[in-house]
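Contents: one structure, followed by commentary.
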Amino acid sequence: MSTETSLSLTDAEQGSSLWHDAWIRLSKNKMAVGGGCILLTFILVALLTPWIAPYSYETQNLDLGATPPSSAHWLGTDIFGRDVLTQIMYGGRVSLAVGFIATGVALIIGVTWGAVAGYVGGRIDAVMMRLVDILYALPFMIFIVLLMVIFGRNVLLLFLAIGAVEWLTMARIMRSQVQSLRQQEFVEAAVSLGLSPATIIRRHVIPNALGPIIVYTTLTIPSVMLLEAFLSFLGLGIQPPQTSWGLLISYGAETMEEYPWLLLFPGLALTITLFSLNFLGDGLRDALDVRGSKD
Amino acid sequence: MSLLKVDNLSVSFHTRNGSHQAVKNVSFTVEPREITAIIGESGSGKSVSCYAMLGLVPSPPGRIDGGSALFEGADLLALSERELRAIRGRDIAMIFQDPMTCLNPFMTIGQQLIEPLRLHKGLTAKDAKVRAIELLDEVGIRSPADTFDSYPHEFSGGMRQRVMIAMALINEPKLLIADEPTTALDVTIQAQILRLIADLQKNRDIGVLFISHDLAVVADIADQIIVMEQGVMVEHGSPDAIFNHAQHPYTQKLLAAIPSGHRTAERIKPDPLIAVSHLRTWFYPSNVKEPVKAVDDVSLEIHRGEVLGLVGESGSGKSTLGRSLLRLAPITEGSVVFDGIDLTQLEGNPLKTFRRRMQMIFQDPFASLNPRMTVYDTLAEPLLLHKICDRKSLDATIATLMDDVGLARAFIRKYPHEFSGGQRQRIAIGRALATKPEFIVADEPVSALDVTIQAQILELLIALGREHGLTMLFISHDMAVIRQIADRVMVMYQGKLVEQGDTEEVFGHPREAYTQSLLASIPGAALSA
Amino acid sequence: MLRFMLIRILQALPVIFVVITATFFLVRSAPGGPFDQEKVVIPEVKKALEAQYKLDLPLHEQYFAYLGDLAQGDLGPSFKYPGRSVNEILFSGLPVTAELGFYALLIALCIGVTAGVFASLRPNTAQDYIPMSFAMIGICMPSFLLGPLLVLVFGIWLDWLPITGWGDIPGDKILPSITLGSAYAAYIARLSRAGMLEILSQDYIRTARAKGLPEWLVVTRHALRGGLIPVIAFLGPAFAGLLAGSFVVETIFQIPGLGRFYVQAAFNRDYTMILGTTVFLSTLIVFFNLVSDIAAAWLNPRLRAQFKGGSQ
């Protein structure tokens, strides 16, 4: 009997999990795969910038001045004779870092907040979500500008401020996920089996809530990067000697009449990144079959 | 001349994942002044063939591969979209399955009702309104003038279906296509709507094409029955021919699957496993002052080894009662004594011990299994949690469970979405049996399944119940199913138990008026006669 | 409905109060006094100035004094331009920003809704892909990049349109309005496409077709209303975004509006101006959120009915 059993179980056909199915769907989506590849390349370049940048970041060459793209400087030089490619690579480090770290902050706060509110329910949920509602109604853009004005243009503060805005939506999504999952019959079945709440959350709720969270996280990164660039453009974000794509665009805009490449290339870098992230996010949304999370 | 003559109709769907022929060379006729019924299970192509004729199958992915559908001499399939539109809603009207979603929630009943009149007959809004109110009255809507200015959400499912019927009939069509018009309704409402459709058909002399999965429903009203299986028409004939002299094996299988007969009542000696007294489960919705009294002062006993059937319409509180017994719904008041212990007082570990002894089987096998866990994981979870077996014997135990519920062992690593509805319900039954429970609450376990699958699952439940000596609370809205499986029956209405007794006694000699009306509503009187 | 509105308004009031309080204390806790930068302020003058701006009072008294002034609609004097009050500056910029925002929103709604609805009618065809590609570009092309690019192409290289000012030369309103509106046109296009697709898959659309309604009536009469509710609900947040966007657009095109004043005040550390503008803009945003919420609820008969009971 036992030999027969073990035999039949090792013979079992391997099923295809939802994650696996989603992966297949995603890999068929050319735009999403393209976006993912570009993004990976950009991240890799950003990580390796100090070693692979063609020129040094700070060295100025005032004699050279602004030159259009050439074989020595692929993307030209700025008015101080600095290599634009190098500038964009260093700026990308900051822009991407802000995007990922601030989104990470939002992710941690939002998911925890939403999961607790959704699972505990009742009065605690009402209070927690009421707070989110109030914060939601606050004009955050203006508040961030205010913060940056008052406490100086500090990168750490920027991370926190942006993360603090974006966690709200994350919390809402997580809560509605947990709430709807809690009413699912398979969670009820788990309760009737006698599983502890912690196990139910870990094994039955979180794996099923993950899809929308992944999608929304992917779509939050570009909006965070936009916010950073927006502030930097106004001169309220990243400050020299550090640089970011927003700041480079702002400089480029000042001198675009004479040196349009100073505007075009940083702009292109930002736009391509945003494109990649959005395509990847849309692709993930389709692949994971997530509906109505944001638009 | 036939009203509608369909000849060699073929429809297929072409998606990125491949092609699939939904309707294969189907031919049938609909006579004027007759009700023609198309019967089939899900995926039989019964709806698609009707939608295709009216150009209501979205294309792509749908494609009509061939055939003709002559309606009063004109081939519907050859008409332009514009010509077809002139026929839809004027000469051929439709009603659909789910009245809750088929009316536009953003428009008043009246606005939607006068639309076909204004469109096809060019009536003024004023004249159309007069006509609409007349018709609302005819389909049995009280105070039709007020209804005219109301929104759909203010009405129950049955009322909405009446509105849908009024809307379909408003232009005096020659053919009415009814796609499962009573499937989403309670049994008493279903009986009313069926009578309404039959009466209107007679009074107005129209042809009706009635699509259904339920042979019993069409038994009473159809003049002609067409049976479809997987896109192919397998048999057609008069109800008498179909019910008494079915030729095709599939038709015979369908007929055999109609729940019928009853359990040979084994005299069970009254030995209560569960005693419920004065149970109240009330809910307090946030924006309403009055609590919803889902279960209101219910007392009952369930004896060891019996199958207790709990019948009621939607909203009667039967599901909540079942969940309250298992402590899955918050009990407001009263006690549930299981084998001498009051469950309402238990928490934590003692409750967990009791959870092992009582399990639940849910209605929707699509929702009751975690989509991200394999069958193996789903079955292993209760086994390991309650230490039914150790890791070494886990594989063997799971394999035995699979055998018990009739699933091939080779499926063990598969995920729920890779199974059919019936197979999933088997997995769910396996999970419930894994803890070796004494008591099982089965909440409409066969309602979401096709009729042939339904018969199989019922058989499985009966066999497993006998084999494991299970006590079962079997909840259903379907009287025929209850009669087949239950030793005793309880009838629930608006949160209260209105009648209980041995199954044959309740079915044979119902005492309460509500029970009588429930029994009178069971479709298929013509069948049993 | 009245009750719904009342509840919403009552919910909005604490938000505005929180904004006022938080802004006030944030600004007051800023390092360095407003007059520290001025080099030649002798102590007596500084004292007199501080008295004039009530800076010599304890903080909580300043706060209550400010609340009192606010209640009368007085946002106080500007630190930077001693002759002018914050109210004066605000109201000189308001009409300009309002006009800019109005045009931008008009562009966003007209283009966005049209594109979104058209795309939804034939999903996964060219009619869907083309407008949605443009929408994607709109979303990935922020105003601070689009603005300079438009200026470069249409203002400088082609020399078709003026590149600065507002209402000085004919045509100078075109580029700023497009710059500000395009991202929202893109968002609205995506929103209305998703909303319409959702509604078009509903059963009641099939009912409408079964009645023999021509497709354009199915869309306009049965689908549009439900499909555009998400767009209406988005208008509140969009308004907040437009205001923030006006900071950038007014800076790029040198338009004397609220946004530019706010950015200037931020650089000048003109605290009363920052405080006043924040309070004013925040109130506006909260108000518009309220309006778009109520409008979206009004369009949904079920929600409308839910709150009917209380109004009688």
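The values are calculated or read from the model by the stated rules, or taken from the named source; none is laboratory data. Quantities reported herein were computed from a predicted structural model and do not represent experimental measurements. With ideal geometry, Cβ positions are generated from the backbone for all residues, glycine too; neighbour counts draw on all protein chains shown.
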Quick one: how many residues across the range B:222-237 are surrounded by fewer than 20 Cβ atoms within 10 Å (Cβ to Cβ) and over 18 Å from B:Leu4 (Cβ atoms)? 3
For the range B:346-365: of the residues being surrounded by fewer than 21 Cβ atoms within 10 Å (Cβ to Cβ) and hydrophobic (A, V, I, L, M, F, W, C), which is farthest from the other protein chains (Cβ to nearest Cβ)? B:Leu346
Quick one: how many residues across the range C:59-89 are touching a Lys or Arg at 6+ places or on another chain (Cβ under 9 Å) and assigned to a helix (DSSP H, G or I)? 6
If B:Tyr376 meets every condition in (1) touching a residue at least 24 places away in the same chain (Cβ under 8 Å); (2) under 16 Å from A:Ile200 (Cα atoms) apart from one, which number is that one? (2)
Among the numbered conditions (1) assigned to a loop (DSSP other than H, G, I, E, B); (2) under 30 Å from B:Gly495 (Cβ atoms); (3) within 11 Å of another protein chain (Cβ to nearest Cβ), tell me where B:Ile331 comes up short. (3)
Can you pull out the residues in the range B:50-69 that are more than 14 Å from chain C (Cβ to nearest Cβ) and either surrounded by fewer than 19 Cβ atoms within 10 Å (Cβ to Cβ) or free of Cβ contacts under 8 Å to residues at least 60 places away in the same chain (or both)? B:Arg63, B:Ile64, B:Asp65, B:Gly66, B:Ser68
Selection within the range A:110-126 - in a helix (DSSP H, G or I) and either over 22 Å from C:Val18 (Cα atoms) or within 14 Å of chain C (Cβ to nearest Cβ) (or both): A:Val111, A:Thr112, A:Gly114, A:Ala115, A:Val116, A:Ala117, A:Gly118, A:Tyr119, A:Val120, A:Gly122, A:Arg123, A:Ala126
Pick from A:Ile150, A:Ile144, A:Ile79: which is within 14 Å of chain C (Cβ to nearest Cβ) and more than 22 Å from the chain's Cα centre (by Cα)? A:Ile150
Within the range B:399-436, of all residues that are assigned to a loop (DSSP other than H, G, I, E, B) and facing chain A (nearest Cβ under 10 Å), the one farthest from B:Ser368 (Cα to Cα) is B:Ala408
Read through the list (1) over 20 Å from the mean Cα position of the chain (by Cα); (2) within 17 Å of B:Leu136 (Cα to Cα), then give the number of the only condition that B:Arg195 fails. (1)
Test: residue in the range B:439-457 that is part of a helix (DSSP H, G or I) and within 30 Å of B:Asp339 (Cβ to Cβ): yes
Would you mind stating whether B:Leu196 is surrounded by fewer than 21 Cβ atoms within 10 Å (Cβ to Cβ), touching a Phe, Trp or Tyr at 6+ places or on another chain (Cβ under 7 Å) and either in contact (Cβ under 8 Å) with a residue 40 or more places away in the chain or in the same structural domain as B:Leu135 (by TED's automatic domain parsing) (or both)? no
Do we find that B:Ser49 is assigned to a strand (DSSP E or B) and closer than 20 Å to B:Glu235 by Cβ in this structure? no
Exactly one condition in (1) of a type in the set (Ser, Thr, Tyr); (2) assigned to a helix (DSSP H, G or I); (3) in contact (Cβ under 8 Å) with a residue 40 or more places away in the chain is not met by B:Ser368; state its number. (2)
Do the conditions hold for A:Ile88, that is, is it under 26 Å from A:Ser180 (Cβ atoms), assigned to a helix (DSSP H, G or I) and either modelled with pLDDT of 90 or more or of a type outside the set (Phe, Trp, Tyr) (or both)? no
Selection from the range B:1-55 of residues that are over 26 Å from the mean Cα position of the chain (by Cα) and among the β-branched types (Val, Ile, Thr): B:Val6, B:Val11, B:Thr15, B:Val26, B:Thr29, B:Val30
Name the pairs: first residue in the range C:136-152 and under 20 Å from A:Ser232 (Cα atoms) and within 7 Å of chain A (Cβ to nearest Cβ), second residue buried (at least 22 other Cβ atoms within 10 Å of the Cβ) and β-branched (Val, Ile, Thr), Cβ to Cβ under 8 Å, at least 6 apart or on different chains? C:Phe144/A:Ile249; C:Phe144/C:Val248; C:Phe144/C:Ile252; C:Leu145/A:Ile249; C:Pro148/A:Ile249; C:Pro148/C:Ile252
Top-ranked residue in the range C:157-182 [being among the hydrophobic types (A, V, I, L, M, F, W, C) and more than 22 Å from A:Pro260 (Cβ to Cβ); ranked as surrounded by the most Cβ atoms within 10 Å (Cβ to Cβ)]: C:Leu180
Residue under evaluation C:Ala208, criteria (1) crowded, with 21+ Cβ neighbours inside 10 Å; (2) more than 14 Å from chain B (Cβ to nearest Cβ), criterion not met: (2)
How many residues does the range B:212-227 contain that are under 18 Å from B:Ile193 (Cβ atoms) and either assigned to a loop (DSSP other than H, G, I, E, B) or of a type outside the set (A, V, I, L, M) (or both)? 6
Anything in the range A:165-206 that is within 13 Å of chain B (Cβ to nearest Cβ) and β-branched (Val, Ile, Thr)? List them, or say none. A:Val187, A:Val191, A:Thr199, A:Ile200, A:Ile201, A:Val205, A:Ile206
Within the range B:109-163, track down each residue that is within 14 Å of chain C (Cβ to nearest Cβ) and of a type in the set (Ser, Thr, Tyr). B:Ser150, B:Tyr151
Matching residues in the range C:259-280 - criterion: being crowded, with 24+ Cβ neighbours inside 10 Å and not aromatic (Phe, Trp, Tyr): C:Gly259, C:Ala265, C:Met273, C:Ile274, C:Leu275, C:Gly276, C:Thr277, C:Thr278
Condition test on B:Asp220, is it over 24 Å from B:Met53 (Cα atoms), of a type outside the set (Val, Ile, Thr) and at pLDDT below 85? yes
Restricting to the range B:428-444, give me the number of residues that are closer than 17 Å to B:Asn370 by Cα and within 21 Å of the chain's Cα centre (by Cα). 2
Residue count for the range A:237-287, restricted to those that are assigned to a loop (DSSP other than H, G, I, E, B), crowded, with 22+ Cβ neighbours inside 10 Å and not β-branched (Val, Ile, Thr): 2
When you go through C:Ile178, C:Ile199, C:Ile188 one by one, which is the residue that is modelled with pLDDT of 90 or more, within 28 Å of B:Met94 (Cα to Cα) and in a helix (DSSP H, G or I)? C:Ile199
